[in-house]
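Before any comments, here is the structure.
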Amino acid sequence: MKYKRILLKLSGEALMGERQYGIDPKRLAEYADEIKEIHEKGVEIAIVIGGGNIFRGIAGASNGMDRVQGDYMGMLATVINGMALQGALEDKGMLTRLQTALKIEAIAEPYIKRRAVRHLEKGRIVIFGAGTGNPYFTTDTAAVLRGVEVHADVILKGTRVDGIYDSDPEKNPNAVKYENISFEDVIKKGLNVMDSTAFTLSQENALPIVVFDMNTKGNLLKICNGDNIGTTVKI
């Protein structure tokens, strides 16, 4: 396998499937199957999920809610998603641990870097919830931060688009896809891969990002095998 340890970033919206909000059990089961494929090949897996299918802090703030309060609500939404994914993975026979940046001892371990690494070494899938534990930081930033901390080989950002394009492929049928692109070029061209804090952190730590379509069966395994799926951003 090309990658020994990965940090998989999933958006909360991805868990909605065909629904307007919430969690689609069918989509959850599909993701669990994809993750199981690479787990059985010996890949060590850490996961960060967003909370946009339940609550998004920025949206709350735009409607007059206090931004800090909204962001904490968003963190709790990521914990709900983490619990849902944990259940789906365990239904498929995988061992998991949910660690959260906010202390919620009844349902999750507090995030401790050394403990997280030990879980990964033992073949457990570690799900990181509650973002960084701080308002004003996105789950993209949390994903890169945790990826750097646990020494992941790569950030795999699962989206509904099969990579990075020079313009929105859903609006422009002539959009051109990049197979590989440097961090510098992404910034120059103003491409929205991740928010700037996450992206800068990834660049400073030379941690590559692969943006790919998580909804296409087998893509996750192909990437871990070294196939050129999606778009790779690196130094």
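Checking Ser182 against (1) farther than 14 Å from Ala101 by Cα; (2) touching a strand residue (DSSP E or B) at 6+ places or on another chain (Cβ under 6 Å); (3) of a type outside the set (A, V, I, L, M, F, W, C), which single condition isn't satisfied?
(2)
Quick check on this structure: which one of Ile54, Ile80, Ile49, Ile58 is closer than 25 Å to Ser202 by Cβ, buried (at least 17 other Cβ atoms within 10 Å of the Cβ) and among the aliphatic types (A, V, I, L, M)? Walk me through it before giving the result.
Values: Ile54 fails: closer than 25 Å to Ser202 by Cβ; Ile80 fails: closer than 25 Å to Ser202 by Cβ; Ile58 fails: buried (at least 17 other Cβ atoms within 10 Å of the Cβ).
Only one candidate passes the filter, namely Ile49.
Starting from residues that are in contact (Cβ under 8 Å) with a residue 12 or more places away in the chain and in a loop (DSSP other than H, G, I, E, B), keep the ones in the stretch 222-235 and report whichever is surrounded by the most Cβ atoms within 10 Å (Cβ to Cβ).
Gly230
Counting just the residues of the stretch 1-44 that are open to solvent by less than 30 Å² (accessible area, probe 1.4 Å) and aromatic (Phe, Trp, Tyr), which one comes out farthest from Gly147 (Cα to Cα)?
The selected residue is Tyr31.
Checking the condition at pLDDT 95 or above and crowded, with 21+ Cβ neighbours inside 10 Å, which residue from Leu89, Leu102 passes? Working first, answer last.
On the way: Leu102 fails: crowded, with 21+ Cβ neighbours inside 10 Å.
Step by step, each of Leu89, Leu102 is checked, and only Leu89 is at pLDDT 95 or above and crowded, with 21+ Cβ neighbours inside 10 Å.
Give me a count of the residues in the stretch 147-191 that are of a type in the set (D, E, K, R), touching a residue at least 40 places away in the same chain (Cβ under 8 Å) and farther than 22 Å from Asn53 by Cα.
Of the residues in that region, 3 qualify.
Looking only at the stretch 132-146, which residues are on the phi > 0 side of the Ramachandran plot and touching a residue at least 60 places away in the same chain (Cβ under 8 Å)?
Kept after step one, since they are on the phi > 0 side of the Ramachandran plot, are these residues of the stretch 132-146: 133, 136.
Result: Tyr136, single match.
I'd like to check something: does the stretch 115-125 contain any residue that is open to solvent by less than 40 Å² (accessible area, probe 1.4 Å), β-branched (Val, Ile, Thr), closer than 19 Å to Ala152 by Cβ and free of Cβ contacts under 8 Å to residues at least 40 places away in the same chain? Break it down stepwise before answering.
Residues of the stretch 115-125 that are open to solvent by less than 40 Å² (accessible area, probe 1.4 Å), as a first pass: 116-117, 119-120, 123, 125.
Subsequent filtering for residues that are β-branched (Val, Ile, Thr) retains 117, 125.
When the remaining residues are screened for being closer than 19 Å to Ala152 by Cβ, the result is 117, 125.
In the following step, the residues that additionally are free of Cβ contacts under 8 Å to residues at least 40 places away in the same chain were identified as 117.
Looking for residues that are open to solvent by less than 40 Å² (accessible area, probe 1.4 Å), β-branched (Val, Ile, Thr), closer than 19 Å to Ala152 by Cβ and free of Cβ contacts under 8 Å to residues at least 40 places away in the same chain, one finds at least one in the stretch 115-125, hence yes.
The values are calculated or read from the model by the stated rules, or taken from the named source; none is laboratory data. What you see is a predicted model, and the numbers here were worked out from it, not measured in a lab. Methodologically, a virtual Cβ is constructed for each residue, glycine included, from the backbone with ideal geometry; neighbour enumeration extends over all protein chains shown. In case anyone asks, the SASA skips ligands and DNA or RNA and just uses the protein heavy atoms, side chains included. Shrake-Rupley method; radii C 1.70, N 1.55, O 1.52, S 1.80 Å.
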